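S.K.: To start, I am sharing the structure in question, which I have written as structure tokens.
The values are calculated or read from the model by the stated rules, or taken from the named source; none is laboratory data. Fair warning: this is a prediction, and the values are worked out from it, not measured in the lab. Methodologically, a virtual Cβ is constructed for each residue, glycine included, from the backbone with ideal geometry; neighbour enumeration extends over all protein chains shown.
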Amino acid sequence: MSLETVPPEPASNAPGNLAEPLPLPLLTVDKLLKRFGGFIALDQVSFAVHPGEVVGLVGPNGSGKTTCINVITGLYAPDGGAIRFQGRSIGGLASHRLVHAGINRTFQIPKPFLSLRVIENIEIAATYGQGGASRADVAQLLDMLDLSAHAHRRADELNSVQQKMLDLARALATKPKLLCVDELAAGLNPTELTRVAANLRAIARSGVSVIVVEHLMGFLEEVTDRVIVLNAGHEIFEGALSQAVRDPKVVEVFLGTSHAS
């Protein structure tokens, strides 16, 4: 993956033009079900993600957002439904196999190798991924995520925001085709939010698909092509964020029935 390589603009689909067909989805989630004992965390959730698309997963706490990416990335096995990546069924595959296939993620609480240096953390991830990132790739990641000055510090010497950027760098070093980002923006100041949003858009322009779990609507507005709104494990909306904030079901979930029209 080259973060500086931007693919050509897709052909127009306007009537009268001989447009190229839309690409097949990179990821397809079909009627996904996940239970924890008698509790149903995901109930018949279905959506698709296309190459280079940024999709937001939105919803109140407990709606199933993180559970959804935990199932997609192999942390949990699904209890029903299907997950296909590049046309191949991947439901229930272990996380390390999915990393090798081209799926990786960040976590709400980063989990670097605390006793190792920043650059060593990234190099280990690069070695583990799809053929490994080069030294130039590692240097580019350090620069892009404001970690160059900290490259030779131990990971446990970084603050929480720097550890989040290291978590993202490690995920990108494996050269994923699908990147799942779980509440990366939490705790960032406005300048950091703007830079991270720009980085995620650049990652998507390079052809990587991105699923973003986030609560910050301004951040989601900057980075997403569309959002999927979950509530109590059910999908209640799919479309542009600007439309979601006017949808009565979404308004009711976030603000209560008195605000829904």
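S.K.: Report, by residue number, each residue of region 84-100 that is touching a residue at least 60 places away in the same chain (Cβ under 8 Å) and surrounded by fewer than 19 Cβ atoms within 10 Å (Cβ to Cβ).
M.R.: The answer is Gln86, Gly87.
S.K.: If you check Ser160 against the conditions, is it loosely packed, with under 15 Cβ neighbours inside 10 Å and in contact with a Gly (Cβ under 9 Å, 6 or more places away or on another chain)?
M.R.: For Ser160, the condition - loosely packed, with under 15 Cβ neighbours inside 10 Å and in contact with a Gly (Cβ under 9 Å, 6 or more places away or on another chain) - is met.
S.K.: How do the helices (runs of 4 or more DSSP H) wholly within region 20-137 filter down when requiring 3 or more residues that are within 30 Å of Val253 (Cα to Cα): which remain?
M.R.: Of the helices (runs of 4 or more DSSP H) lying wholly inside region 20-137, those with at least 3 residues that are within 30 Å of Val253 (Cα to Cα) span 65-72.
S.K.: Take the residues of region 191-218 that are modelled with pLDDT of 95 or more and closer than 20 Å to Asn61 by Cα: which is farthest from the chain's Cα centre (by Cα)?
M.R.: Checked region 191-218; the qualifying residue farthest from the chain's Cα centre (by Cα) is Val213.
Quick grid of which residues meet (1) at pLDDT 95 or above; (2) not polar (S, T, N, Q):
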position	(1), (2)
Ala14	no, yes
Leu22	no, yes
Thr28	yes, no
Pro51	yes, yes
Leu57	yes, yes
Cys68	yes, yes
Ala82	yes, yes
His100	no, yes
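S.K.: Same structure, new question: Check whether at least one residue in region 143-157 is crowded, with 18+ Cβ neighbours inside 10 Å and under 20 Å from the mean Cα position of the chain (by Cα), and report yes or no.
M.R.: Checked against the condition, which is being crowded, with 18+ Cβ neighbours inside 10 Å and under 20 Å from the mean Cα position of the chain (by Cα), region 143-157 yields at least one hit.
S.K.: Right, here's the next one. Might you let me know whether region 184-199 holds any residue that is touching a strand residue (DSSP E or B) at 6+ places or on another chain (Cβ under 8 Å), in the same structural domain as Thr73 (by TED's automatic domain parsing) and surrounded by fewer than 22 Cβ atoms within 10 Å (Cβ to Cβ)?
M.R.: No: region 184-199 contains no residue that is touching a strand residue (DSSP E or B) at 6+ places or on another chain (Cβ under 8 Å), in the same structural domain as Thr73 (by TED's automatic domain parsing) and surrounded by fewer than 22 Cβ atoms within 10 Å (Cβ to Cβ).
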